[in-house]
Amino acid sequence: MWATCNIGASNSADYGNYFAWAETQAYSSDYDLKNNKAYGNKKLNISGSPNYDAATVIWGKGWRLPTKTEFEELINKCKWIWTSRNGKKGYKIVGPNNKSIFLPTAGFCLFGITDSENEEGSYWSATADPYNNECAYALHFKENEIMNYEGYEVRGGFGYSIRPVVNKKSVMLETYDQLVSQESEKPMPTFGLR
């Protein structure tokens with residue numbers, strides 16, 4: 001099930017914070033190859049890791065970064081509708097169960113400078129590239145173009161958005177309801193593909 005907003009956002013259209021891959025604090029221009037937590041780590045999936053998953057660290061147990069497979073399901077099993085919400089462009093993604101989420105075009109951050117806001121979206125997955133441990137899979141999109149691919153430098157360069165997923169059974173109901181109640185537009189609190 002997908003969260004209604006990005007980490008650091010107050011509603012579904014807000015961009016939220018940017019994160020370097022495997023970092024658990026919001027993006028800083030201080031990141032580089034030498035101080036990235038995952039540098040040289042051959043870990044292939046950080047989903048749910050208390051050391052590397054920002055969603056788990058910031059939102060609590062049960063929340064995590066989506067995997068490459070979960071992004072593929074979002075791309076292949078859902079209808080993507082280009083739209084805007086609160087003046088911000090993005091995709092309304094409607095699942096087979098007719099529940100939906102909105103992914104804003106938050107752009108990205110590089111060396112402390114944000115770029116491409118309201119033009120494209122970049123979202124980290126928890127899945128590292130198995131052939132290059134300095135790269136990870138990410139979801140990238142702009143109008144008429146949706147991609148889930150690898151090959152981005154993850155050490156100290158790019159800061160991308162994170163849209164967490166949750167296994168609702170593993171989250172305390174009080175924490176889950178608190179997060180959902182922060183959503184000012186009252187969209188569907190979560191979105192499940194299964």
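The values are calculated or read from the model by the stated rules, or taken from the named source; none is laboratory data. Because the structure is a prediction, the values reported are computed rather than measured. Reconstructed Cβ throughout: ideal geometry from the backbone, glycine too, with neighbour counts over all protein chains shown. Ligands, DNA and RNA are stripped out before the accessible areas are found, and what is left, the full protein with its side chains, is counted by its heavy atoms. Shrake-Rupley method; radii C 1.70, N 1.55, O 1.52, S 1.80 Å.
A few notes on this one:
- In the stretch 90-134, residue nearest to residue 52 (Cα to Cα) [restricted to those that are touching a strand residue (DSSP E or B) at 6+ places or on another chain (Cβ under 9 Å) and among the β-branched types (Val, Ile, Thr)]: 127
Let's see how each residue does on (1) under 13 Å from the mean Cα position of the chain (by Cα); (2) open to solvent by 70 Å² or more (accessible area, probe 1.4 Å); (3) at pLDDT 90 or above:
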position: 50; (1), (2), (3): no, yes, yes
position: 62; (1), (2), (3): no, no, yes
position: 65; (1), (2), (3): yes, no, yes
position: 75; (1), (2), (3): no, no, yes
position: 80; (1), (2), (3): no, no, yes
position: 85; (1), (2), (3): no, no, yes
position: 88; (1), (2), (3): no, no, yes
position: 95; (1), (2), (3): no, no, yes
position: 100; (1), (2), (3): no, no, yes
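- Applying the set (1) out of contact with any Gly (no Cβ under 6 Å at 6 or more places or on another chain); (2) within 24 Å of residue 27 (Cα to Cα) to residue 105 leaves exactly one unmet item: (1).
- Looking only at the stretch 139-161, and only at residues there that are modelled with pLDDT of 90 or more and touching an Asp or Glu at 6+ places or on another chain (Cβ under 9 Å), the one that is most open to solvent (accessible area, probe 1.4 Å): 143
- Residue count for the stretch 106-128 satisfying the condition of being open to solvent by less than 10 Å² (accessible area, probe 1.4 Å) and more than 11 Å from residue 160 (Cα to Cα): 2.
For every residue, the table says whether it meets (1) touching a helix residue (DSSP H, G or I) at 6+ places or on another chain (Cβ under 8 Å); (2) within 24 Å of residue 56 (Cα to Cα).
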{"residue": "76", "(1), (2)": "no, no"}
{"residue": "79", "(1), (2)": "no, no"}
{"residue": "93", "(1), (2)": "yes, yes"}
{"residue": "100", "(1), (2)": "no, yes"}
{"residue": "103", "(1), (2)": "no, yes"}
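- In the stretch 129-138, the residues that are exposed (fewer than 14 other Cβ atoms within 10 Å of the Cβ) and not polar (S, T, N, Q): 130, 131
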